[in-house]
1. Could you tell me which of B:Asn103, B:Ser267, B:Pro38 has its Cα farthest along the dipole of chain B towards the positive end, charges placed at Cβ (Lys, Arg +1; Asp, Glu -1), taken about the Cα centre?
2. Strictly over 20 Å apart at the Cα level, which of B:Lys105/B:Lys134; A:Lys188/A:Lys280; A:Lys84/A:Lys134; A:Lys98/A:Lys280; A:Lys188/A:Lys290 would you flag in this model?
3. From the backbone phi of the range A:232-247, what are the Karplus-calculated ³J(HN,Hα) couplings (6.51 cos²θ - 1.76 cosθ + 1.60, θ = phi - 60°) in whole Hz, Gly and Pro given as x?
4. With just the Cα atoms of the range A:139-260, tell me how far they stretch along each of the three principal axes, in Å, largest first.
5. Inside 10 Å of the C-beta atoms of B:271-281, what's the mean count of C-beta atoms belonging to other chains?
6. Sequence-distant or interchain residues sharing an amide H contact under 5 Å with B:Ile32, placed H: which?
7. Counting only residues 5 or more places away or on other chains, whose amide H sits under 5 Å from the amide H of B:Ser23 once H atoms are built in the peptide plane?
8. Could you please point out the chain A residue with its Cβ nearest to the axis of the rotation taking chain A onto chain B, and the distance in whole angstrom?
There are 2 protein chains.
Amino acid sequence: MENIDYSSHLFSEAGPEKDVIISSRIRLARNIEDISFPNKAKDSERKEIVEMTKQVIADQEKYQFNLLDLYEISDIDREILLEKHLISRDHAKRRVGKALFLNNKQDISIMVNEEDHFRIQVLSPGMDLDKLWKKANEIDDLLEENLDFAFSEKWGYLTACPTNVGTGLRASIMCHLPALNLTNRIDKVMGAISQLGLAVRGMYGEGSNPAGNIYQISNQITLGHSEEDIIDNLKSVNQQIVEQERKARQIMLNNEIDNLKDAIKRSFGVLKYAYTISSKEALQLLSDVKLGIDLGIINDLSADLISELLILIRPAHLKISEGRDLTNKELNIKRAEMIQEKI
Amino acid sequence: MENIDYSSHLFSEAGPEKDVIISSRIRLARNIEDISFPNKAKDSERKEIVEMTKQVIADQEKYQFNLLDLYEISDIDREILLEKHLISRDHAKRRVGKALFLNNKQDISIMVNEEDHFRIQVLSPGMDLDKLWKKANEIDDLLEENLDFAFSEKWGYLTACPTNVGTGLRASIMCHLPALNLTNRIDKVMGAISQLGLAVRGMYGEGSNPAGNIYQISNQITLGHSEEDIIDNLKSVNQQIVEQERKARQIMLNNEIDNLKDAIKRSFGVLKYAYTISSKEALQLLSDVKLGIDLGIINDLSADLISELLILIRPAHLKISEGRDLTNKELNIKRAEMIQEKI
């Protein structure tokens, strides 16, 4: 088994439309024909699938995948992978024959034996769905050349859950929408998005006002449309969200510049000096500061650092950084330290 | 007429017990025999008193008094003197024959024709009543050698208001009592002080919780006790207040260190980064930061600077610094700038 590179952070680089879009992601659900879906499969079958995958991709110089055995890794490593959005809550549960293949850059991963045999995931900072789709396709082709995927001429790719049947594709964008929230336009915009067949959820906490003003928007329909159609639909909705958010920011700049400047600078001051910061407060303060950076109110600080901090301030990352387990109280103190070290 | 030295700030130096006592002050009320009190005197009489005073003290090399004619100075200079606590609200009202003699260091002043013909005032950072009493006495002697003071064998010095008859002495200390406030002990302590014949009021705003946790404590009784007794009484009460406040701080350090650290550092962050700060908020934030400095939670910052800022953030000082009149909104922005320039 190989180790996780804790220091690698995808968000240390910029991406397109990064003033609003934090990251984009594509995942494909695939299964091997004639082997039960992971929940029904025997331990030996799941182990075999991991082994088969290893044979196919282990010596691919291009990707340099590391294999992480989800049965063997420590609890803290499990949490780290969760916080990095590299595995799902379900995949974090300890079970024989669950694995993650992860490339060095940590932008391509394959969950093996989560709900489906394969969940191919590609991730990028900013808005980059076309490039992601190309990458995901390559991994898909690589596996499909060597393995028999469960596929029906009528339905497309077969998956454990009917909602994924067809393309097995879920494309999503993570967007930062503080101005839509502050100007009370978010509900209207999100309502419109839902009617376009897309799902909206908070990245941290559900509800109409998730912590940190971060929303994840993804396709719900996987059947009856081509992958390109699904991605194009999300792209066009994304474009509207980006425009609406930028418009709301401009309105605030025009009408509320003093209040906005004051609120953002105060958040920056608290972030820079508070002795203890809860996770929820940190997300709100980082959201304010990111808005400040994107609007040019705060300079000498990169928005990418804020995206990086969204991960670094989470409990497992703080514990790894401290080198020991931490109580909740200690976590809040360590979180403030971590932020102040970085900004 | 001479000009005010705007840049001179008494509080740029430290004083005894400065962790609790911001400043101490002594004033003596005196009147010239056979001339009506200022409110009843003719313009020519008041002018004559100013002239007589000038004759006595103008060539005193030791003090180097400047004469400020309160009829002639600009409104903004009037406000500056008020904010420096060098004249009273009453003395700021424009009227022929009102003057202020002020030494270069701005720690000795004589209001001429306020309520009484003379109000000799001496001021010092920290707790220094004995030294102040010596200084006030010297000025008093200097005037009395050359002028006939209204004095009755039975009552002592005669004054316009009966509450000042006798010694004409008011001694006061300005203390910073954040921990007594935060631990809800302030009312008890202030109640006890009132019963000892001392008056308590907020330095900025009245009531039991004045802005900035700054309280002014002074003697009420001027008659039937010697000056030394009055001062000794205030000194002994002062000692108790200092001890009580220090005890309350120690209790907070023992029981609430994390909350205290957090609150103080947050206030520091806001003070350092807010875009706009009202006068009232500034006093509270400066109070928090001063407590932080005195407790060693904030380093690399002097408590004297905080005392200086208490004056510098007031409207007239901000206007002078900006070189023009400012609206309320502009004042709040300028106040934040001024603080951030200094800390």
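1. The one lying farthest along the dipole's positive direction is B:Ser267.
2. Details: B:Lys105/B:Lys134 17 Å; A:Lys188/A:Lys280 24 Å; A:Lys84/A:Lys134 22 Å; A:Lys98/A:Lys280 31 Å; A:Lys188/A:Lys290 23 Å.
In this structure, A:Lys188/A:Lys280; A:Lys84/A:Lys134; A:Lys98/A:Lys280; A:Lys188/A:Lys290 lie more than 20 Å apart at Cα.
3. Here the 3J(HN,Hα) series is 4, 4, 5, 4, 6, 5, 3, 4, 5, 4, 4, 5, 4, 5, 5, 5 Hz.
4. Computed over the Cα atoms, the extents are 61, 26, 25 Å.
5. On the way: counts 3, 6, 12, 7, 11, 6, 2, 0, 0, 0, 0.
Mean shielding by partner chains, rounded to a whole number: 4.
6. Answer set, sorted by chain and number: B:His117, B:Ala150.
7. Under 5 Å from the amide H of B:Ser23 lie the amide H atoms of B:Gly126, B:Met174, each far enough along the sequence or on another chain.
8. Checking which Cβ lies nearest the axis yields A:Gly269, 2.
The values are calculated or read from the model by the stated rules, or taken from the named source; none is laboratory data. Worth saying up front: this structure is predicted, and the values here are computed from it rather than measured. Because the Cβ atoms are built from the backbone with ideal geometry, glycine has one as well, and the counts that use them run over all protein chains shown. For accessibility, only protein heavy atoms count, side chains too; no ligands or nucleic acids. Shrake-Rupley method; radii C 1.70, N 1.55, O 1.52, S 1.80 Å.
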